[in-house]
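Before I ask anything, here is the structure I am working with.
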Amino acid sequence: MRAHPVQAGLGDRRRRLLAAARGRVLDVGGYVHNGPHYPPGVDVHDIAVEEVDGLDTAPFDTVVCTLVLCTVDDLRTTLAGLRARLAADGRLLFIEHVRGGALRSVGQRVARPLWQQAFSGCRPDRDTVAAVRAAGFLITDLDRFTVRLAAPVVSPAVQGVAKKAAST
């Protein structure tokens, strides 16, 4: 199993994103890289993304996903599970690489089979932002950026904050 190719060089982004973590925190699959960046006083629970469905139902104030949503087989179900475990006023904090525009998205789609095999199921062509919205989250802060020194197939990325969208 190879490490995700975008992990390096995101320390400053992690620090800024995780400064917003508060209360009871669920870190999904990224604690090994995120741990040093959490502010003092938060209660961090570290789980693998595959364990989301087995969690107790006690709500979390913050859910953190960094470079993990690309690896899950059923993104819709995973995001629904995370939303269900988020407190009513809780927030989802995320850094993920995403589908690029125009020609880059074509290259990502072509590269996907080999990339997925080489990097623990990573799907470089996911529209993660749309999936977060479709799962019932309202994105309140979103920064699109390019990961320097990453392969072009995974260089388009986002850093964001979301909360539960109001039920209709």
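What's the total number of residues in segment 133-165 that are part of a loop (DSSP other than H, G, I, E, B) and farther than 19 Å from residue 18 by Cβ? Let's see the steps before the verdict.
Going residue by residue through segment 133-165, those that are part of a loop (DSSP other than H, G, I, E, B) are 135-136, 147-151, 155, 165.
Next, from what is left, pick out any that are farther than 19 Å from residue 18 by Cβ: 135-136, 148-151, 155, 165.
Of the residues in segment 133-165, 8 are part of a loop (DSSP other than H, G, I, E, B) and farther than 19 Å from residue 18 by Cβ.
Sticking with this structure for a sec: Restricting attention to segment 43-59, which residues are among the hydrophobic types (A, V, I, L, M, F, W, C) and either over 17 Å from residue 164 (Cα atoms) or in contact with an Asp or Glu (Cβ under 9 Å, 6 or more places away or on another chain) (or both)?
Going residue by residue through segment 43-59, those that are among the hydrophobic types (A, V, I, L, M, F, W, C) are 44, 47-49, 52, 55, 58.
Those that are among the hydrophobic types (A, V, I, L, M, F, W, C) and either over 17 Å from residue 164 (Cα atoms) or in contact with an Asp or Glu (Cβ under 9 Å, 6 or more places away or on another chain) (or both): 44, 47, 48, 49, 52, 55.
In addition: Condition test on residue 74, is it closer than 19 Å to residue 132 by Cβ and either in contact with a Leu (Cβ under 7 Å, 6 or more places away or on another chain) or at pLDDT 95 or above (or both)? Show your work before the answer.
Numbers: closer than 19 Å to residue 132 by Cβ: yes; either in contact with a Leu (Cβ under 7 Å, 6 or more places away or on another chain) or at pLDDT 95 or above (or both): no.
Answer is no for this residue.
Being touching a residue at least 60 places away in the same chain (Cβ under 8 Å) and either surrounded by fewer than 13 Cβ atoms within 10 Å (Cβ to Cβ) or on the phi > 0 side of the Ramachandran plot (or both) is the filter here, so list the residues in segment 86-117 that pass it.
88, 89
Mind checking which residues of segment 118-129 are within 14 Å of residue 68 (Cα to Cα), touching a residue at least 60 places away in the same chain (Cβ under 8 Å) and surrounded by fewer than 21 Cβ atoms within 10 Å (Cβ to Cβ)? So that I can check it myself, show each step before the final result.
Keep residues of segment 118-129 that are within 14 Å of residue 68 (Cα to Cα), which gives 119-129.
Checking which are touching a residue at least 60 places away in the same chain (Cβ under 8 Å) leaves us with 119-120, 122.
Within segment 118-129, just 120 meets the criteria.
Are there strands (runs of 3 or more DSSP E) fully within segment 1-105 with at least 1 residues that are over 21 Å from residue 155 (Cβ atoms), in contact with a His (Cβ under 6 Å, 6 or more places away or on another chain) and among the hydrophobic types (A, V, I, L, M, F, W, C)? List them.
Working: elements: 24-28, 43-47, 60-66, 86-97.
By residue number, 24-28.
Let's see how each residue does on (1) out of contact with any strand residue (DSSP E or B) (no Cβ under 9 Å at 6 or more places or on another chain); (2) aliphatic (A, V, I, L, M):
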position	(1), (2)
74	yes, no
83	no, no
134	yes, yes
138	no, yes
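The values are calculated or read from the model by the stated rules, or taken from the named source; none is laboratory data. The structure presented is a predicted model; accordingly, all values stated were derived computationally and were not measured. Ideal geometry is used to build each Cβ from the backbone, glycine not excepted, and the neighbour counts take in all protein chains shown.
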